[in-house]
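Below: the structure, in C-alpha cells.
Laboratory data are not the source of any read-out in this text; all were calculated from the coordinates shown. In this text, all values refer to a predicted model and were calculated from it rather than measured experimentally. Quick reminder, even Gly has a Cβ in these numbers, built from the backbone with ideal geometry, and neighbours come from all protein chains shown.
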Number of protein chains: 2
Amino acid sequence: MDEAQATRTHHHRHLEHARAQVIELLSRQAVERELVHRSEAVIGAARQDVVAQLVERQHHAALQQRLAHFHPADIAFVLEALEVDARALAWSLVRPERRGAVLLETTAAVRRALVQSMPVSEIADVVRPLDPEDIADLVQDLPEEDRRQVLAQLDQTDQAEVRSVLSFPPDSVGAAMDLDFVQVREDASLEAVLRLLRRRRELPAHTNELIVVDRGNRLRGFLPLAKLLLGDPDDQVAQAMSRDPVFFYTDDRMPEAANAFEKYDLVSAPVVNLHDQVVGRITVDAVVDDIRERAQTEGLRKVGLSEADEDLFAPLQQAARRRWPWLAINLATAFLASRVIDAFEGVIAAVVALAALMPIVASIGGNSGNQSVALVIRALALKAVSAAQWRRLLLRELGIALTNGALWGLALGAATWMLYRNAALAGVIAVALLLNLTVAAAVGVCAPVLLQRFGRDPVMGSSIILTATTDSMGFFIFLGLAGIFLA
Amino acid sequence: MDEAQATRTHHHRHLEHARAQVIELLSRQAVERELVHRSEAVIGAARQDVVAQLVERQHHAALQQRLAHFHPADIAFVLEALEVDARALAWSLVRPERRGAVLLETTAAVRRALVQSMPVSEIADVVRPLDPEDIADLVQDLPEEDRRQVLAQLDQTDQAEVRSVLSFPPDSVGAAMDLDFVQVREDASLEAVLRLLRRRRELPAHTNELIVVDRGNRLRGFLPLAKLLLGDPDDQVAQAMSRDPVFFYTDDRMPEAANAFEKYDLVSAPVVNLHDQVVGRITVDAVVDDIRERAQTEGLRKVGLSEADEDLFAPLQQAARRRWPWLAINLATAFLASRVIDAFEGVIAAVVALAALMPIVASIGGNSGNQSVALVIRALALKAVSAAQWRRLLLRELGIALTNGALWGLALGAATWMLYRNAALAGVIAVALLLNLTVAAAVGVCAPVLLQRFGRDPVMGSSIILTATTDSMGFFIFLGLAGIFLA
C-alpha cells in the first residue's frame, strides 16, 4: 500500500494543496522582497543585510526544488494564479530547460506576457528543445522582427519546419498538427514494421496507430498498434490495416476536426495535403485544448472581452482600456434608446406612470430574445439546422414569442391595472409586451445567422444588436401606443 | 488514387452533403405521407392507392439503405435535424440492431424523446448489445418502474453491472467509467502479457496502456502498449511499467477529470475504489463528450434554458412553457426596478429629461457588470484563484470600474450637457454612472462566488442577480441624486 500511497502525489486533491502552498509562498516572498527594496531605498541603498539575503536565497532554493517536482501544467497554473511581481519571481525559479514546456501550458494572455518579458536570445534557448509545431505556437505572437531573430538562432531543419507550420492559418488543422508520426508502407510485413519500431526505441505520444502510405506517400489506411501486437508477424500491413481512415486536409478548420473527433471517438488522425500525401497528424490532446479554449473564450466574447483578459493580474490601466470598445458600443446603443424616449417627452409628461413602466417592456424583450440567440448560436456551432429549416426555426420562435407574449402580457396588464386602475394603460402595456417579444424573437434568430453569413462573430455581435433593438423598439412601441391611446 | 478517393466518403464535406440529402428526402417523405393521410381522411379511409404505397415503400427501402451506410453519429445528426414526423419515419428506418449505438450519439433531449416513444420490451432489445455503462446512460432517464422492467430483461451479469454504474452520482467519474479494460500483474513477463493479449484477440477501444495491479487488485502503475511492443519479452512488467499513473476515484467529479486529461494529455486513466482497487478506467472520448456537453449547456443555462431545449423540434407548447420560470423571474425583477422609478414620480414630472436618461445608467451598469461575471465564472471553472486572492480580484474590478466610470461618466456628462445645457443634470448623470459601475463590479464579482459557495449554479443565477441590482440601483442612484440636486 505504501507505494500506491506515494503514487497519489499526482492526485488532484494533494496536488491542489501543494500548488496552493507554493502560490502562497511565492506571493509572500514577492511581498517581502518588495518590502526589503523599499526599506533599502529609505535607509540607503548601500546597506546590504547579508543575513536577510542568505535567508532569501535559502527560501528560493527550496521553492525551486518544489517547482522542479511539478508537472509543467501545474507550474503554468501557479504562474497564472500569481500577481505580476510574484510571477516574475516564480518564472526565474523555473529551470531554463523546462521553461518551454511550461509556456506551452499557460493561457495565451500569460504566455504573451512572459514571452514579451524575455530577450530574443533567451526565447531561442527556451524554445529550442520543443517540437516545431510548439515553437510555431510560441513565436507566432512575437513582432515580425523578433520572430525572425528567434528563428535565425535555431538549426536549419527546425527553421524550415516552424516556417511551414506558421504558413497555415491560425485556426486550421495544419497549424495544430503534429509533425512527428510513424508511417509504414502497405507492402511491408508486420515483422518488418516491428523491427522498424524497435530501431526507433520510442514512439511519439498518442501513437495508437501507424499511418499506412503508398510509394507516393499518399494515405492508404492505418494500422492500430493492437493489430500489430496481436497479428501474425508474417502478415502484410495491407492485410492487417483498416482502410477507411478519418483524415483531414491541412486547411480544414479545427472546430470541424473537433466534431469528427467527438463523433468517431478518435485518438489521432492523419493530415494530408491537396495531393493526399500525409504531412502530419492531429492528436486528441490538441483537440481537447482547442475545445476548452473555444468554450472558455465564448463566455468572454459574449460580453466583449478577449482572451487577453484571461490574465487576471495584468496591469489595471491595460485591463480598463481593453473594455473601452464594449462600453462605447453600449453607451451608443443606450443613447439611441434614450433618444427614442426623448421623442415622446410630451406623452411622459402627461402620464408619468409611463416612465416607470417602460423599462419592463424593454427588459423582458431583451431577456426573451437572448434565449433565441443562445439556441441559434448553439445550432450554428453544431450545424444542426439546414438552410431550409432556418425558416421553420424562425416561425417556431415567433410562435413561442406570441404564445408567451399573450400570456405574460395579460399578467403584466393585470398587474398594471391593479396598480394604476387605468384600463387603457393596462391594454397598452400588454400589447407592447406581445409586440416586443415578437420583435425580439425575429432579431434573436436572424442576427446570429446573418452575422455568421457575413463572416462576423455571432457570439459577440448578436447580443449587442438584439439589446439595441429590443430597447429602442420596446420604448418606441410602448410609448407610441401610449401616445395614440392615452394622450 | 481511386482508392484514396473512396476513403474520402468519411470526409466531412462529402458527409455533410450526404446528410443534407437524406434529411431533405426524409422531410419530404414525411410531408407526403401526411398529405396522403389527409387526403385519405377526406376521400374516405377505404380507398387504398396501391401504386402510391408501392412508390412509398420503394423510397423507404432506398433511404434505409443509405442510412445503413452512415456512422451512428451521423444518423443521430440526421435525427436531430428532423421535425417530429420525419424523425419518427427516420427512426423506423434505422436497423433495430443499430438503434442502441445511434441513441448513444444523440443529444439528451432527442434521446429522451425517442426512448419514451418505445415500449419497454423494445428498449430492452435496443440496449442489449451495448456495454453496461452505455445501457446505464440510456435507462437512467426512464421512470423507476420502466427501468426495472428493462433491466429484468437483460442477463444477470449485465443487470448487476448496470446497477453498479447507476449507483454512482450522474456527474461522477464512476458513472462515466468504462468497465472493459485489460489489467496485468507486475510480476508477469512481457512475453506472458503478449500471450494473454493474443488470447483475447481484440483490445477494448482506447487501450493505449495496460493497467498494472498487485495480487490484491490494487493499482501499481501502467504499461504503455509501445513499451510492450518495443521492450525485451523476457523483462518483467514491473521493469517496463510507469510508476506514477494519474488515476481517479469513482466519486471524483468529471470536470476535475477533464482538467487532468487536458493538463497531462491523457488517453485513458484507471479508476479505483476507496481501497485503491482498480474498478474501471476513464477514456478520452468520455472526457471530450463531457467537455462539449458542459460548454454547450453553459450558453443555454446563462439564459435560463435547459438541455431539454436542445431539441429544436419539440412541440411548441412544451417549449413555450419551459421558458415561463425565466420570464417570471425577469418580470419580477423588472417590476422591482419599475417600483423604484415610481417612487421618484415627482422628480420625473419636474424634469422629464430624467425619464429619457435613466435607462442609460442602468444599461451600462448591467453590461459592465456582466464582464466581471464572465471573468469570475471562468476563474471558478478553472479554480485559478485562491480564496485569499478573491479579495484582490474584487479590488481590481472595482479599480477598473472607478477608472472607466470616471472616464465614461465624463463623456456621458458632456453629451448630456450638450443636449440639455443643464450642468446639474450633466453632473448627476456622470456621478450616477460612476457609482452604478462600482456597484456592478462588486455584485459581478461577489454574486458568482457566493452562489457557488452555497451550491447554486453561478452560470444561471449570476446574471439575474446582477441585472436586478444594476437596474434597481441604477434608477435609484440616478433619480435619487436628481431628487437632491435638481428638484
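Checking the a/c ratio against 1.5 first, then a/b against b/c, what shape does the Cα gyration tensor give for the range A:192-339? List each step's numbers first, then the result.
Numbers: a/c = 3.92, a/b = 2.92, b/c = 1.34.
It comes out prolate by the Cα gyration axes.
Once you put a point 7 Å from the Cα of B:F485 and another 7 Å from the Cα of B:Q140, both along the Cβ direction, what distance in nm separates them?
5.7 nm
Taking θ = phi - 60°, what integer Hz values does the Karplus form 6.51 cos²θ - 1.76 cosθ + 1.60 yield along the range A:96-111, in sequence order, with x for Gly and Pro?
So the Karplus estimates, Gly and Pro as x, are x, 6, 9, 4, x, 4, 5, 4, 4, 8, 7, 5, 4, 5, 5, 4 Hz.
Helix A:72-81 versus the longest principal axis of chain A: what is the Cα-based angle in degrees, 0 to 90, to the nearest 10?
The helix A:72-81 is inclined about 40 degrees to chain A.
If you put a point 7 Å past Cα along the Cβ direction, how far is that point for A:Q53 from the same point in each other copy, in nm, smallest first?
Its label point is 10.1 nm from the equivalent points in the other copies.
Report the gain in length on full extension from B:V50 to B:Q239: 0.36 nm times residue separation, minus Cα-Cα distance, nm rounded to one decimal.
Gain in length upon complete extension: 60.7 nm.
Can you tell which of B:I291, B:V102, B:A240 lies farthest toward the positive end of the dipole of chain B, using +1 and -1 charges on the Cβ of basic and acidic side chains (Lys, Arg; Asp, Glu)?
Sorting the options by dipole projection puts first B:I291.
Of the DSSP beta bridges with both residues in the protein assembly as shown, give the percent that are antiparallel, rounding to the nearest 5. Each step should come with its number before you reach the end.
Numbers: 30 of 40 bridges.
In the protein assembly as shown, DSSP labels about 75 percent of beta bridges as antiparallel.
Sequence-distant or interchain residues sharing an amide H contact under 5 Å with A:I282, placed H: which?
Residues meeting the criterion, in which the H sits 1.01 Å from N, are A:D178, A:A269, A:V271.
Calculate the dipole size of chain B relative to its Cα centre from +1 charges on Lys and Arg beta carbons and -1 charges on Asp and Glu beta carbons; express the result in debye to the nearest 20.
That gives a dipole near 1420 debye.
Give me the distance in nm between label points sitting 7 Å out from Cα along the Cα-to-Cβ direction at B:D251 and A:A61, one decimal.
The modelled label-to-label distance comes out at 4.3 nm.
For chain B, take the longest principal axis of its alpha carbons; what is the angle in degrees between that and the long axis of helix B:50-68, to the nearest 10 within 0 to 90?
Taking Cα atoms only, the helix is inclined about 90 degrees.
Can you list residues from other chains, or at least 5 along the same chain, whose modelled amide H is less than 5 Å from the amide H of B:R220?
Placed amide hydrogens put B:V212, B:V213, B:D214 under 5 Å from B:R220.
Can you list, shortest first in nanometers, how far A:A332 lies from the same residue in the other copies, with each label 7 Å from Cα toward Cβ?
3.7
Name the residues whose placed amide hydrogens come within less than 5 Å of the amide hydrogen of A:D276, ignoring near sequence neighbours (fewer than 5 apart) on the same chain.
none
Would you give the gap between the C-alpha center of the range A:180-229 and the C-alpha center of the range A:409-487, rounded to a whole Å?
62 Å
Measuring from the lowest to the highest alpha carbon on each principal axis, how far does the range A:386-446 reach, largest first, in angstroms?
Taking max minus min along each principal axis of the Cα atoms, the range A:386-446 gives 49, 15, 12 Å.
Hey, fewest Cβ within 10 Å first, where do A:M118, A:M473 land in order? Walk me through the numbers before you get to the answer.
Working: A:M118 17, A:M473 23.
So the ranking, lowest neighbour count to highest, is A:M118, A:M473.
HN-Hα J couplings of the range B:163-173 from phi, Karplus 6.51/-1.76/1.60, θ = phi - 60°, integer Hz, Gly and Pro as x?
4, 5, 5, 5, 6, 8, x, x, 8, 8, 4
Taking the Cα atoms only, what angle lies between the long axis of helix A:353-382 and the longest principal axis of chain A, rounded to 10 degrees?
It works out to around 30 degrees.
Along Cα→Cβ, 7 Å out, is where each label goes; now give me the distance between the ones at A:A188 and A:S92 in nm to one decimal.
5.0 nm
What FRET efficiency comes out for the pair B:Q153/B:R453, r = Cβ-Cβ distance, R0 = 41 Å, nearest 0.05? Could you put the intermediate results ahead of the total?
Values: r = 45 Å, r/R0 = 1.10.
According to the calculation, E is roughly 0.35.
Just to be sure I understand: of the beta bridges DSSP finds with both ends in the range B:142-224, what percent are antiparallel, rounded to 5? Could you put the intermediate results ahead of the total?
Details: 5 of 8 bridges.
Bridges in the range B:142-224 that DSSP calls antiparallel: roughly 60 percent.
With the cut-off at 1.5 for a/c, could you classify chain A from its C-alpha gyration tensor as rounded, prolate or oblate? Present the calculation step by step, with values, prior to reporting the outcome.
Working: a/c = 2.67, a/b = 1.44, b/c = 1.86.
In terms of gyration-tensor shape, oblate.
Once you average over the residues of B:300-306, how many Cβ atoms of partner chains fall within 10 Å of each Cβ? Please list the in-between numbers first.
On the way: counts 5, 1, 5, 11, 5, 6, 0.
Taking the mean over all residues of the peptide, I get 5.
When the Karplus curve 6.51 cos²θ - 1.76 cosθ + 1.60 is applied with θ = phi - 60°, which whole-Hz ³J(HN,Hα) does each residue of the range A:285-296 get, with x for Gly and Pro?
Listing the rounded values in order: 5, 5, 5, 4, 4, 5, 4, 4, 4, 4, 4, 6 Hz.
Shortest first and in nm to one decimal, what separations exist between B:A88 and its copies in the other chains, measuring from label points 7 Å along the Cα-to-beta-carbon line?
Distances to the matching label points in the other copies: 7.1 nm.
Does the protein assembly as shown come out rounded, prolate or oblate, given a ≥ b ≥ c as the square roots of the eigenvalues of its C-alpha gyration tensor, rounded meaning a/c under 1.5 and, failing that, prolate meaning a/b above b/c? Write down the numbers at each step before the final one.
Values: a/c = 2.02, a/b = 1.21, b/c = 1.67.
The shape class here is oblate.
Roughly speaking, what is the stretch gain from B:A350 to B:N273, that is 0.36 nm per residue apart minus the C-alpha to C-alpha distance, in nm to one decimal?
Working: separation 77, 0.36 × 77 = 27.72 nm, distance 7.18 nm.
Residue separation times 0.36 nm, minus the Cα-Cα distance, leaves 20.5 nm.
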